[in-house]
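The values are calculated or read from the model by the stated rules, or taken from the named source; none is laboratory data. All values derive from a computational prediction rather than experimental measurement. For neighbour counting, all protein chains shown are included, and Cβ atoms are generated from backbone atoms with ideal geometry for every residue, glycine included. Areas reflect the complete protein model, heavy atoms only, side chains present, ligands, DNA and RNA absent. Shrake-Rupley method; radii C 1.70, N 1.55, O 1.52, S 1.80 Å.
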Amino acid sequence: MPFNTLNNKMMNKTLLTLAIAISSLGVVSCQNKANDEAKEQVTTNIAERVDNTRFSALMAELQDEQLIDVRTPDEYNAGAIGNATNINFFDSDFKQQIEKLDKTKPVMIYCQSGGRSGKALKQLNEMGFTAVYELKTGYGGWPKE
């Protein structure tokens with residue numbers, strides 16, 4: 001067999017092998033992308049600002065919710081919703097205190113008017129809490145008994 005013919009056959013075989021390898025990588029890449037997208041859908045968290053009616057309904061229907069008042073201790077001592085735990089948003093260790101909460105249980109948060117709790121909502125969502133509900137009107141808009 002002439003040298004050029006042998007060389008061409010080896011080159012064709014090499015190109016075919018290379019083409020198969022590249023197309024296989026594409027299939028694996030697509031599978032990995034699909035797996036990543038599926039994981040992302042599973043880990044999507046709820047971070048929702050709700051009105052008084054929805055907040056009250058959630059308090060009644062959720063089990064093991066963690067009700068958090070992010071106002072200052074003075075504000076909290078002047079009145080709070082239900083059996084809320086006070087974790088002052090302005091404390092230097094706010095994030096460390098929040099880390100002690102169970103990320104798998106719903107968290108319901110509020111402040112005086114929705115500013116601090118709105119920021120806290122974002123932080124808790126970024127920290128991986130599965131369900132966070134924030135009272136958008138704050139304690140100031142909550143009906144007093």
| said: Please go through (1) in contact with a strand residue (DSSP E or B) (Cβ under 9 Å, 6 or more places away or on another chain); (2) open to solvent by 60 Å² or more (accessible area, probe 1.4 Å) for Phe90 and return the number of the only condition it doesn't satisfy. | reply: (1)
| query | Among strands (runs of 3 or more DSSP E) lying entirely in the range 43-114, which contain 1 or more residues that are among the hydroxyl-bearing types (Ser, Thr, Tyr), more than 19 Å from Pro143 (Cα to Cα) and touching a Phe, Trp or Tyr at 6+ places or on another chain (Cβ under 7 Å)? | reply | none
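Taking the conditions exactly as written (modelled with pLDDT under 95, aliphatic (A, V, I, L, M) and either touching a helix residue (DSSP H, G or I) at 6+ places or on another chain (Cβ under 9 Å) or more than 21 Å from Leu135 (Cβ to Cβ) (or both)), does Val107 satisfy them or not?
Considered against the rule, which asks whether it is modelled with pLDDT under 95, aliphatic (A, V, I, L, M) and either touching a helix residue (DSSP H, G or I) at 6+ places or on another chain (Cβ under 9 Å) or more than 21 Å from Leu135 (Cβ to Cβ) (or both), Val107 comes out as no.
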| the range 49-65 - residue that is within 23 Å of the chain's Cα centre (by Cα), open to solvent by 20 Å² or more (accessible area, probe 1.4 Å) and hydrophobic (A, V, I, L, M, F, W, C) and, of those, nearest to Arg116 (Cα to Cα) | Met59
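To keep it simple, each residue is scored yes or no on (1) under 20 Å from Phe129 (Cα atoms); (2) β-branched (Val, Ile, Thr); (3) more than 20 Å from the chain's Cα centre (by Cα); (4) modelled with pLDDT under 95.
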site: Leu67; (1), (2), (3), (4): yes, no, no, no
site: Asp74; (1), (2), (3), (4): no, no, yes, no
site: Ile81; (1), (2), (3), (4): no, yes, yes, no
site: Asn86; (1), (2), (3), (4): yes, no, yes, no
site: Phe89; (1), (2), (3), (4): yes, no, no, no
site: Lys95; (1), (2), (3), (4): yes, no, no, no
| field | the range 93-131, residues that are within 22 Å of Pro73 (Cβ to Cβ) and open to solvent by less than 20 Å² (accessible area, probe 1.4 Å) | value | Phe94, Ile98, Val107, Met108, Ile109, Tyr110, Cys111, Gly114, Ser117, Ala120, Leu121, Leu124
